[in-house]
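Heads up, the thing below is written out as structure tokens.
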Amino acid sequence: MVSFRAAQDLLSESGTFSFSLKTAFRVLLIMRCASALYSVIQDCDEVFNYWEPTHYLLQGYGLQTWEYAPQFGLRSWAYILIHALIGFFTKIFTSTKLQTFYLIRMALAAFSSFAEAKFYRTVVEEINPHVGRYILVTLFFSAGMFSAATALLPSSFAMSTVFMAFSYILRPPSHVDRSRTYYAVFWIGLGALLGWPFSAILGLPFAIEEVVVYGRDTTIDKEGKVIQVIRSTHWRFKRAFRLLEAILVCGTGISLPILFIDHWFYRNWSFTPLNMVMYNLFGGEARGPSLYGTEPWYFYIVNGFLNFNIMFLLALGSVFCVLITAYIDRQRVPGASRMDAVWPYILLGLKLVPFYIWFTIFTCQPHKEERFLYVAYPLITLNAAISLYLIRSWASRVARAFGANVNVRAYVLQYTSLAFLAVFALISVSRILAVVLRYRAPVSVYGALWQDRAPDQIVNLNYLQEDFPYNVSLKEKNLCVGKEWYRFPSSFFLPSDVRLQFIQSDFNGQLPKPFQEDLIEVTYDRAGGKKETWRKRPLRFKGTSAKATGFNDLNVADPSVYVSTFALGMVSVDQCDYLVDTDFPLRATTPNEPRYVDDTKTWEILDCQPFLDAENSKRLSRAFWVPGAKGLAWGEYCLLKRRP
């Protein structure tokens, strides 16, 4: 039984416990580190557009997409350089580049955890401690955050900057204090210019609020005294001028480094955020994102439910929750007029609008991808937590209407939110386990390459020594992929003497091509007149400015990318030393995609791991992990080695 005083405190929300910034950061970092170590790479765009360029800067070779060709310049090297610098630092105390891969992920985990914790603390201080608590639980358990927080994607980076921006946007506007304006503009601008340009859309409600809403009319001086601010008749004009000033200062400060870094790599003047916007919005009918597939209008509803389950539904209904509360609970806010009572709910509604703007705009776009929703993840948690807080208040009002005493109403408040969060956490953990346990095979299988080495070659895999020249007599080996090209986890998973090659499959779109390697051969005169040739890195990065042939912005296949040929009704794989392929017994084979596992005369199996056959599994069973679930079909993800 809850004591009368404790029940009264609960109903009045006095003394509500909340974590400090440091504690919230540590709690979130636990889950983010788990994500860095176990989360699968869900998008081939993450590998080929971000991990591979990062690998090129660190190791001198990698794969290039058309977006990085100088004639197009859609991707910024400034974003890649930040992560490459982290990688350069980690090489001091790592022995393999695979460790560098995971340490870069750990850095992403730390940045995301801090941004989330700061967002949480602002909600606690400016909105409500209970809302902050719901947000913390949602962030910790969310399957969407588990994937997005450590993904090397501009949309993930923009998501973290949105967390940071809203940790200031959620504060009331101030006529005297300029920090809210400048910090919000800086983080929105950083996410848009360095990350994903379209994330700037989320700054529109903030700009409107900055000019329309006066906010606090008091400030605190250096001595801690509260000072009343006299409202000027021209305060909106001054606010608009301050906002414009912040946009110019922050925009220039962010854009110039990006411009000069991209110029150094591309060897031409190109502003990549503008190039990205122009291609996606004004590329013409033959170009644009729709070339890479379209999805139905309900795609983000299904995807949002998979990643946030019931909390996503609460986020969708948040505006209705506010409207209902404004109608049935107007007397909670005192005032002389109806507007006085409703105005706080209008201000609250302004905080909910950005999610609806983002969701509406991207639902209307034919081309849809899960990562496009990453930027809205902070807003989903905010809207959902506010909805849950209002719903628990409704439950308490209903209990009071039926004559419930203080203790019963306190229990209603406690267990209404607890029930929602418990169901959310259970479904979220089920989703995380389903993805990690059923689709992690590529990471394990590519890792088997590191074990397929003779003992005398181990020294050649020591990446502490890879900054030194190495012998060119060591033959490079080809690892080939066909239909499994899009699950390649990046060259960080390949030993230094292995290169990825493509063989023909039923896929007929454009594939990446190797960067011009940042490696040169140098001949040394040794004692006794003996000459030795070694390979070293000049660190000139000529591959970033070299105009590779065959690239186009129409997603048209380039036959020169294949190491194989198609003859006599089958794909030639003579140049492949290793091959990665999936074997799904329930799927039909084609001439371009035979069952290589059955060709035991040519290939021996180094490693095979179970891999879910999503096409032949029931949707609900494959989406969530349930012990003993029925309706799942399995295949094998295999690494094959050519027999001598």
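Values in this text are rule-based calculations from the coordinates and carry no lab data. Quick caveat, the model's predicted, so the values are computed rather than measured. Glycine gets a Cβ as well: all are built from the backbone with ideal geometry, and neighbour counts include every protein chain shown.
Counting only DSSP beta bridges with both residues in the chain, what percent are antiparallel, rounded to the nearest 5? All intermediate terms of the calculation are to be shown ahead of the outcome.
Working: 31 of 41 bridges.
Here the share of antiparallel DSSP bridges comes out near 75 percent.
If each of VAL212 and PHE507 carries a label point 7 Å out from its Cα toward its Cβ, how far apart are those two points in nm?
For VAL212 paired with PHE507, the spin-label model returns 4.6 nm.
As a footprinting exposure proxy, order CYS364, CYS638, CYS608 by other Cβ within 10 Å, with the fewest listed first.
Sorted ascending by nearby Cβ count, the order is CYS364, CYS608, CYS638.
To the nearest 0.05, what FRET efficiency results for LYS630 and GLN99 with a Förster distance of 35 Å applied to their C-beta separation?
0.30
Stretch PHE89-ARG587 to full length: gain in nm at 0.36 nm per residue minus the Cα-Cα span?
So the extension gain works out to 174.7 nm.
Nearest 500 deg cm²/dmol is fine: what mean residue ellipticity at 222 nm does the chain get from its DSSP H runs of n ≥ 4 alone, each adding -39,500 (n - 2.57), divided by its residue count?
-15500 deg cm²/dmol
Quick check for me: using +1 on Lys/Arg Cβ and -1 on Asp/Glu Cβ, what's the dipole size of segment 451-642 about its Cα centre, in debye to the nearest 20?
340 debye
Please tell me the relative contact order of segment 545-644 in percent, rounded to the nearest whole number, where contacts are Cα pairs under 8 Å and at least six residues apart.
31 percent
Quick one: net charge around ASN592, please, counting Lys, Arg +1 and Asp, Glu -1 for every other residue with C-beta under 10 Å from its C-beta.
Neighbour charge sum, excluding ASN592 itself: -1.
Each label point is 7 Å from the Cα along the Cα-to-Cβ direction; what then is the distance between the points at PHE17 and ARG400, in nm?
In this crude label model, PHE17 to ARG400 measures out at 2.6 nm.
Relative to the longest principal axis of the C-alpha atoms of the chain, give the angle of the C-alpha long axis of helix 235-266, reported between 0 and 90° and rounded to the nearest 10°.
On a 0 to 90 degree scale, this one is about 10.
Which of the GluC sites (Glu not before Pro) found in segment 41-147 are in a DSSP loop and have at most 11 neighbouring Cβ atoms, other than their own, within 10 Å?
Filter output for segment 41-147: empty list.
Would you be so kind as to identify which of PRO173, TYR279, VAL626 lies farthest towards the positive end of the dipole of the chain, taking Lys and Arg as +1 and Asp and Glu as -1 on Cβ and the Cα centre as origin?
The one lying farthest along the dipole's positive direction is PRO173.
Which links in LYS601/LYS641; LYS91/LYS536; LYS91/LYS513; LYS238/LYS351 stretch past 21 Å when you go from one Cα to the other?
Pairs exceeding 21 Å: LYS91/LYS513; LYS238/LYS351.
Quick test of your reading: applying the under-4.7 Å Cβ rule, which cysteines of the chain are isolated?
Here CYS33, CYS44, CYS250, CYS321, CYS364 come out as lacking a disulfide-compatible partner, given the Cβ-Cβ threshold of under 4.7 Å.
Considering the dipole of segment 451-642 built from charges on the beta carbon (Lys and Arg +1, Asp and Glu -1) around the Cα centre, which of GLN575, GLY635, THR549 is farthest to its positive end?
In segment 451-642, that residue is THR549.
Be a star and scan segment 611-640 for residues whose amide nitrogen sits under 16 Å from the point 7 Å along the Cα-to-Cβ vector of LEU437.
Residues passing the 16 Å test: 611-613, 618, 620-635.
Suppose each label sits 7 Å from its Cα in the direction of the beta carbon; what would the ARG535-ILE201 distance come out to in nanometres?
Label at ARG535, label at ILE201, 4.5 nm between them.
With a cut-off of 8 Å between alpha carbons and a minimum separation of six or more residues, what is the relative contact order of the chain in percent?
17 percent
Suppose R0 equals 25 Å; then what is the FRET efficiency for LEU37 and LYS618 from their Cβ-Cβ distance, rounded to the nearest 0.05?
The computed FRET efficiency comes out at 0.25.
Out of segment 376-460, which chymotrypsin sites (Phe, Trp or Tyr not before Pro) are coil in DSSP terms and have no more than 12 other C-beta atoms within 10 Å?
Of the chymotrypsin sites (Phe, Trp or Tyr not before Pro), the ones in loops of segment 376-460 whose Cβ has at most 12 other Cβ atoms within 10 Å are PHE402.
At a threshold of 8 angstrom on Cα-Cα distance, excluding pairs fewer than six apart, so keeping six or more, what relative contact order does segment 1-155 reach in percent?
Values: 142 pairs, mean separation 53.7, N = 155.
Across segment 1-155, relative contact order equals 35 percent.
Between ASN49, PHE424, ALA36, whose Cα lies farthest towards the positive end of the dipole of the chain when Lys and Arg beta carbons carry +1 and Asp and Glu beta carbons carry -1, centred on the Cα centre?
The one lying farthest along the dipole's positive direction is PHE424.
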